[in-house]
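Chemist: For reference, the structure I am asking about is given below.
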Amino acid sequence: MASGPIPVYSGSYGIIYETPISHRQSIQVGIAVVGKGAFFNLYERYSMPAPYGTGVSVKGTALQFAWKIYRNTKRKQAPRGWYAAPLVRVATSGIGRTYAYSTKGEYLEFDNFDINLIIGYQRLRKTCKGLVFDFFFGGGYKQYEAEMHATPGVSQPYSLKSNPLLYSPVNIIGGMTLGWGFCSGH
């Protein structure tokens with residue numbers, strides 16, 4: 001699954017299903033839970049302990065769809081090798097503080113949509129069963145919207161212009177997927 005919807009701050013952990021539709025093409029559908037990324041894990045680890053610290057909570061979900069076109073493979077059961085793919089992803093997540101009494105219940109909600117072109121390499125054993133490694137990178141267009149929830153039931157739009165990482169429509173994506181292959185019986 002691709003990185004979390006809030007770059008640097010979040011990471012995603014998901015389940016992906018990929019199935020061949022021909023000997024050189026496959027479709028991939030994924031769903032993920034979004035949580036804290038490495039940045040916030042380090043931030044919390046070295047911040048002051050509760051109740052004086054600034055613990056951070058990141059929660060959300062993501063969905064993705066990709067249509068992989070493999071360069072050259074003759075395998076119908078499990079394509080492998082170099083591929084290019086359009087990748088579409090939608091995600092929603094919230095980021096808030098968990099310990100500071102004055103801000104408990106306040107959080108930012110992010111909704112994101114991105115469409116990318118990725119290039120990757122999928123490696124699996126000679127049979128279609130076993131460990132699968134999939135490395136990918138690419139870029140595309142992204143759109144973020146954010147709302148600040150300051151009190152229960154009240155929200156207002158939040159400007160992302162102060163954060164060029166979120167405000168830019170340019171999306172850079174990369175990652176690695178580890179999985180287990182199963183024969184589909186084609």
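Bear in mind these aren't lab numbers, they're just calculated from the coordinates by the rules spelled out. Note that this is a predicted model, so its numbers are computed, not measured. A quick note on method: Cβ atoms are made from the backbone with ideal geometry, for glycine too, and the neighbour counts reach across all protein chains shown.
Chemist: What net charge is computed for the residues neighbouring Ile119, neighbours being all others with C-beta under 11 Å from the C-beta of Ile119, Lys and Arg scored +1, Asp and Glu -1? Present the calculation step by step, with values, prior to reporting the outcome.
Modeler: Numbers: positive: Lys68, Arg71; negative: none.
Net local charge, Ile119 excluded: +2.
Chemist: At a Förster radius of 35 Å, what calculated FRET efficiency corresponds to the Cβ-Cβ distance of Leu178 and Ser155, to the nearest 0.05?
Modeler: For R0 = 35 Å, the calculated efficiency reads 0.40.
Chemist: Something else about it: Please report the net charge: other residues with Cβ closer than 12 Å to the Cβ of Glu147, K and R +1, D and E -1.
Modeler: -4
Chemist: Based on the Cβ-Cβ distance of Thr92 and Phe39, what FRET efficiency does E = 1/(1 + (r/R0)^6) give at R0 = 30 Å, to the nearest 0.05?
Modeler: E between Thr92 and Phe39, to the nearest 0.05, is 0.95.
Chemist: If I take R0 = 41 Å and measure r between the Cβ atoms of Glu147 and Gln25 in this structure, what FRET efficiency does the formula 1/(1 + (r/R0)^6) give, to the nearest 0.05?
Modeler: 0.60
Chemist: Give, as a single signed number, the net charge of other residues whose beta carbon lies under 15 Å from the beta carbon of Val33, with Lys and Arg counted +1 and Asp and Glu -1.
Modeler: Local charge sum for Val33: +3.
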